[in-house]
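Comments concern the structure below.
What follows draws every value from the coordinates through simple rules; no lab data is involved. Quick caveat: nothing in here was measured; it's all calculated off a predicted structure. All Cβ positions, even for glycine, are placed from backbone atoms using ideal geometry, and neighbour counts span all protein chains on display.
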Ligand SMILES: [Zn+2]
């Protein structure tokens, strides 16, 4: 009888541990799916930022190109006036204006070229970011499929374990002991039980008094005086 009780409690402990693992796995699935989804959202946000950057660069570049165009028109106009200058003084004034417009024109041209080059770079970065999004979406779909494929098996296992646990729980005497066990299980899951090995409670590593060791060996319902767990012997 004593050996049977210990074996049943050991089996119960083992089943509770398996149940805990299965429940963790079941909860882990949706978390994996959610984490993959969050990665996609973050990567999409990065793409949006790159798109906005490109749009701003293009707008600035278009504006500068317009400025350049009116600058060039002005140069044409000044060239015309230069030919019609009626005095050396007027000629010099127009010449100075022309010089200043040409400098401004060169500067604008440089700015436009630099902006267009930045647009090119930003587009390369955007394409890489869009590739990231596609890969993350694919990965997310794989994870979702994996989780969905595993879920029924895990649920079945949980059902089976719960049935076996109910059977194994018959080793715990009704009444106070049963109430004690149910409270422990509710708060500590598989931690409700602990193996007694070489007079030590394995869960809290405390030496169990000789009298309790004997009681465990003869199949009584004994809890660890230190951590409160139900003790069983596998020796
Ligand atoms: Zn203990």
Worksheet entry | Simple spin-label estimate for residue 137 and residue 24 in nanometres, 7 Å along Cα-Cβ | 3.5
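Rounded to the nearest 500, what is the 222 nm mean residue ellipticity of the chain from helices alone, with -39500 (n - 2.57) per DSSP H run of 4+ residues and division by all residues? Walk me through the numbers on the way to the answer.
Values: 4 runs with 184 residues, N = 235.
Helices in the chain give a 222 nm mean residue ellipticity of -29000 deg cm²/dmol.
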Practice prompt. Counting only C-alpha contacts under 8 Å and six or more residues apart, can you give the relative contact order of the chain as a whole percent?
Written response: 35
Fill in: Choice from 72, 159, 48 with maximal GNM fluctuation in the chain (Cα, 10 Å cutoff)
72
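Among 62, 132, rank each residue by its count of other Cβ atoms within 10 Å, from fewest to most, as a rough exposure measure. Present the calculation step by step, with values, prior to reporting the outcome.
Numbers: 62 12, 132 17.
Lowest to highest Cβ neighbour count: 62, 132.
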Practice prompt. Please identify, among 85, 145, 210, the residue showing maximal mean-square fluctuation in a Gaussian network model of the chain using a 10 angstrom Cα cutoff.
Written response: 85
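Using the alpha carbon gyration tensor of region 28-170, what are the three equivalent-ellipsoid semi-axes (square root of 5 times each eigenvalue), largest first, in whole Å? Present the calculation step by step, with values, prior to reporting the outcome.
On the way: eigenvalues 1048, 18, 12 Å².
Ellipsoid semi-axes (Å, largest first): 72, 10, 8.
Between residue 121 and residue 42, what is the FRET efficiency for a Förster distance of 25 Å, r being their Cβ-Cβ separation, to the nearest 0.05? Please report the intermediate quantities before stating the final value.
Numbers: r = 22 Å, r/R0 = 0.88.
So, using R0 = 25 Å, E works out to roughly 0.70.
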Discussion item. Per 0.36 nm of contour for each residue apart, how much would the distance between residue 170 and residue 149 grow if the chain were fully extended, relative to their Cα-Cα spacing?
Written reply: 4.1 nm
Worksheet entry | In nm, spacing of pseudo-spin labels at residue 99 and residue 113 (7 Å Cα→C-beta vector) | 2.3
Practice prompt. Looking at the chain, send over the antiparallel percent of its DSSP beta bridges, to the nearest 5.
Written response: 55
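Got a sec? How would 208, 46, 154 order by Cβ neighbour count within 10 Å, fewest to most?
Details: 208 23, 46 16, 154 19.
Fewest to most other Cβ atoms nearby, the residues stand as 46, 154, 208.
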Worksheet item: If each of residue 159 and residue 79 carries a label point 7 Å out from its Cα toward its Cβ, how far apart are those two points in nm?
Response: 8.8
Item to complete: Quote to one decimal, in nm, the extra length available between residue 198 and residue 227 on full extension: 0.36 nm per residue of separation minus the C-alpha distance between them.
Response: 8.7 nm
Fill in: Gaussian network model of the chain, Cα within-10 Å springs - most flexible of 90, 109, 101
90
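If we count other beta carbons within 10 Å of each Cβ, what is the order of 221, 91, fewest first?
Numbers: 221 20, 91 15.
Starting with the residue having the fewest Cβ neighbours, the order is 91, 221.
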